[in-house]
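One structure, pasted below without further comment.
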Amino acid sequence: MTALTAVSSLSPTDVWAVGTYYGPGAQLTLAQHWDGIGWQVFSTPNPAGEIEGAVNEFNSVANVLGVGVWAVGDDQVRMPAKPSQTLTAFYCPAGSPTPTPTPTPT
C-alpha cells in the first residue's frame with residue numbers, strides 16, 4: 001500500500017509527491033516526480049531501516065524554484081521503542097541554475 005501525504009508543484013511538468021509505502025514489515029519513504037509525461041520514483045533515505053516495526057515517512061514537500069526540493073518527515077523504530085526523529089531530504093535537479101556571486105563594491 002502507498003500513502004502520498006504531500007504534493008508541491010511549480011508547473012504542470014514539475015510536480016513532486018511524497019509519502020510512505022509499506023514494505024515487508026516496515027514503512028518506507030517515497031518521493032515521486034511528474035515531468036508531464038510520467039512519474040519517476042526517486043531513491044530516498046530510510047534511517048530507521050527496513051526492519052520489522054520501522055517507520056520512515058515523509059509528511060511534507062517544498063519545490064523551490066531554482067533551488068531544489070525539500071522533503072521532511074520522521075523516522076522511528078517501534079520495536080524496541082525509540083523516540084521519533086526528524087527526517088529531511090534534499091534533491092537538487094540536474095540543470096538547475098548555479099548561483100552567481102554578486103560583486104560587492106569596495
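Values quoted throughout were computed directly from the atomic coordinates according to the rules given, and no laboratory measurement underlies them. From a predicted model like this one, the values you see are computed outputs, not experimental measurements. Counting neighbours? That spans all protein chains shown, and the Cβs are built from the backbone with ideal geometry, glycine included.
Relative to the compact globular guide of 2.2 N^0.38 Å, what is the alpha carbon radius of gyration of the chain, as a ratio? Present the calculation step by step, with values, prior to reporting the outcome.
Details: Rg = 16.5 Å, N = 106, 2.2 N^0.38 = 12.9 Å.
That ratio works out to 1.28.
Label 7 Å along Cα→Cβ of Ala6; region 71-91 residues with amide nitrogen under 17 Å?
Under cut-off, by backbone N: 71-76, 85-91.
What's the exposure ranking of Asp35, Asp74, going from fewest to most Cβ atoms within 10 Å?
The order, fewest Cβ neighbours first, is Asp35, Asp74.
Hey, got the dipole for region 2-91? About the Cα centre, +1 on K and R Cβ, -1 on D and E Cβ, debye to the nearest 20?
Working: 2 positive and 7 negative charges, 25 e Å.
Value, rounded to 20: 120 debye.
Then there's this: Take every Cα pair under 8 Å in the chain that's 6+ residues apart, average their separations, divide by the length, and report that relative contact order as a whole percent.
Worked out over the chain, it gives 20 percent.
Using r as the Cβ-Cβ distance of Trp34 and Ala81, and R0 as 25 Å, what FRET efficiency do you calculate, to the nearest 0.05?
Here the calculated transfer efficiency is 0.10.
Can you sort Phe90, Phe42 so the residue with the fewest Cβ neighbours within 10 Å comes first?
Numbers: Phe90 11, Phe42 15.
So the ranking, lowest neighbour count to highest, is Phe90, Phe42.
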